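**Student:** Structure provided below as structure tokens; questions to follow.
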Amino acid sequence: MKLDMLVFAAHADDAEIGMGGTIAKHVQAGFKAGIIDLTRAEMSSNGDVDTRLREAGAASETLGLAVRDNLGLPDRRLAAVPEMIDRMVAAIRTYRPRLVFAPYGIDRHPDHVACSKMAEEAVFSAKLRRYMPEMPAWNVDQLIFYFINDAHVPQLLVDISDTQEIKMEALKAYRSQFMPAGDRADWVETPLTAAYLEAVVARDRLLGQPKRLAYAEGFIPKGPMTVDRF
């Protein structure tokens, strides 16, 4: 399957936080989008692997993804080492996306930072015909970074006013991460349970304000982007 956009995320819910509205907007326009989660988030304070996989499946259905895959790399052990980069290169060459998205390289979570660097290396290596020559090389048109936890000055805005509700519905599928679990003994408070979804909405609203958009998501492309006309 050839995708229009392929999103790399360290954990299930990262892509939805940073660009769920953009994904839904493009799916509604007829484009094919996919997410590759690098880990099963086995080190998360709340939830477990099976729960997160079920939640990711529900979120994927809400967004209308063409594909979602999980590479099963070790949570909190992500690194730009050949054996991990090669798995990402194989994903790029399998789905042949026009655009690849990855977390921005400045973020409070080290795995998001690592995923950013790994995606940058994988996009570069995927185009080299002598790198993993058993698979045809693939040249991505553009690598674009999205924001997860922290706010940064974007170089590109996408109006998600019409798809903000879809984004939030997808995020609410991750009940184990964002919803307080009452008196459950295996539940602990984390930054994600402290009104995190409300903060996501506020950030999307704030990003839209300079262009008088109800909601927007911000991005930073790697290198210049080309347009046919203004």
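**Student:** Just give me the residues in the range 1-45 being β-branched (Val, Ile, Thr), touching a helix residue (DSSP H, G or I) at 6+ places or on another chain (Cβ under 8 Å), closer than 18 Å to Tyr95 by Cβ and open to solvent by less than 10 Å² (accessible area, probe 1.4 Å), in sequence order.
**Tutor:** Once the filter is applied, which keeps residues that are β-branched (Val, Ile, Thr), touching a helix residue (DSSP H, G or I) at 6+ places or on another chain (Cβ under 8 Å), closer than 18 Å to Tyr95 by Cβ and open to solvent by less than 10 Å² (accessible area, probe 1.4 Å), the range 1-45 yields Val7, Ile23, Ile35, Ile36.
**Student:** Then there is this: For the range 120-140, name all the residues that are hydrophobic (A, V, I, L, M, F, W, C), open to solvent by less than 70 Å² (accessible area, probe 1.4 Å) and not in a loop (DSSP other than H, G, I, E, B).
**Tutor:** Matches in the range 120-140: Ala122, Val123, Ala126.
**Student:** Can you pull out the helices (runs of 4 or more DSSP H) entirely within the range 154-218 that have at least 2 residues that are hydrophobic (A, V, I, L, M, F, W, C)?
**Tutor:** Helices (runs of 4 or more DSSP H) meeting the threshold: 164-172, 196-208.
**Student:** Take the residues in the range 165-180 that are hydrophobic (A, V, I, L, M, F, W, C) and at pLDDT below 95, then tell me which one is farthest from Ala216 (Cα to Cα).
**Tutor:** Met179
**Student:** Further question on the same structure: Step by step: first the residues of the range 60-78, then only those that are in a loop (DSSP other than H, G, I, E, B) and out of contact with any helix residue (DSSP H, G or I) (no Cβ under 6 Å at 6 or more places or on another chain), then the one that is nearest to Met135 (Cα to Cα). Which residue is that?
**Tutor:** Ala66
**Student:** Same structure, new question: Taking the range 87-105 as the search range and keeping residues that are part of a helix (DSSP H, G or I) and of a type in the set (A, V, I, L, M, F, W, C), which one is most open to solvent (accessible area, probe 1.4 Å)?
**Tutor:** Ala90
**Student:** Now for a different question. Sort out which residues of the range 62-77 are open to solvent by 20 Å² or more (accessible area, probe 1.4 Å), closer than 20 Å to Glu217 by Cα and either touching a strand residue (DSSP E or B) at 6+ places or on another chain (Cβ under 9 Å) or at pLDDT below 95 (or both), and write them in order of number.
**Tutor:** Gly64, Leu65 - these are the residues of the range 62-77 that are open to solvent by 20 Å² or more (accessible area, probe 1.4 Å), closer than 20 Å to Glu217 by Cα and either touching a strand residue (DSSP E or B) at 6+ places or on another chain (Cβ under 9 Å) or at pLDDT below 95 (or both).
**Student:** Being open to solvent by 40 Å² or more (accessible area, probe 1.4 Å), within 24 Å of Asp150 (Cβ to Cβ), touching a residue at least 12 places away in the same chain (Cβ under 8 Å) and among the aliphatic types (A, V, I, L, M) is true for just one of Ala59, Ala80. Which residue is that?
**Tutor:** Answer to the check: Ala80.
**Student:** Just checking, how many residues over the range 193-230 are open to solvent by less than 70 Å² (accessible area, probe 1.4 Å) and on the phi > 0 side of the Ramachandran plot?
**Tutor:** Going through the range 193-230 one residue at a time, the tally reaches 2.
**Student:** Quick check, is Arg108 in contact with a Pro (Cβ under 8 Å, 6 or more places away or on another chain), open to solvent by 20 Å² or more (accessible area, probe 1.4 Å) and in a loop (DSSP other than H, G, I, E, B)?
**Tutor:** no
**Student:** Could you list, in sequence order, all residues of the range 38-52 that are on the phi > 0 side of the Ramachandran plot and under 18 Å from the mean Cα position of the chain (by Cα)?
**Tutor:** Ala41 - this is the single residue of the range 38-52 that is on the phi > 0 side of the Ramachandran plot and under 18 Å from the mean Cα position of the chain (by Cα).
**Student:** Here's a check for you: in the range 28-59, which residue that is in a helix (DSSP H, G or I) and touching a Gly at 6+ places or on another chain (Cβ under 9 Å) is farthest from Arg76 (Cα to Cα)?
**Tutor:** Per the criteria, the residue is Gln28.
**Student:** Testing Met84 on (1) under 17 Å from the mean Cα position of the chain (by Cα); (2) in a helix (DSSP H, G or I), one condition comes back false. Which one is that?
**Tutor:** It is condition (1) that Met84 fails.
**Student:** Do we have any residue at all in the range 144-153 that's more than 17 Å from Val100 (Cβ to Cβ), open to solvent by 70 Å² or more (accessible area, probe 1.4 Å) and within 17 Å of the chain's Cα centre (by Cα)?
**Tutor:** Looking for residues that are more than 17 Å from Val100 (Cβ to Cβ), open to solvent by 70 Å² or more (accessible area, probe 1.4 Å) and within 17 Å of the chain's Cα centre (by Cα), one finds at least one in the range 144-153, hence yes.
The values are calculated or read from the model by the stated rules, or taken from the named source; none is laboratory data. It should be emphasised that the depicted structure is a prediction, and the values quoted were computed from it without experimental measurement. When we count neighbours, we look across all protein chains shown, and the Cβ atoms used for this are built from the backbone with ideal geometry, even at glycine. Protein only, heavy atoms only, side chains kept; ligands, DNA and RNA dropped before computing areas. Shrake-Rupley method; radii C 1.70, N 1.55, O 1.52, S 1.80 Å.
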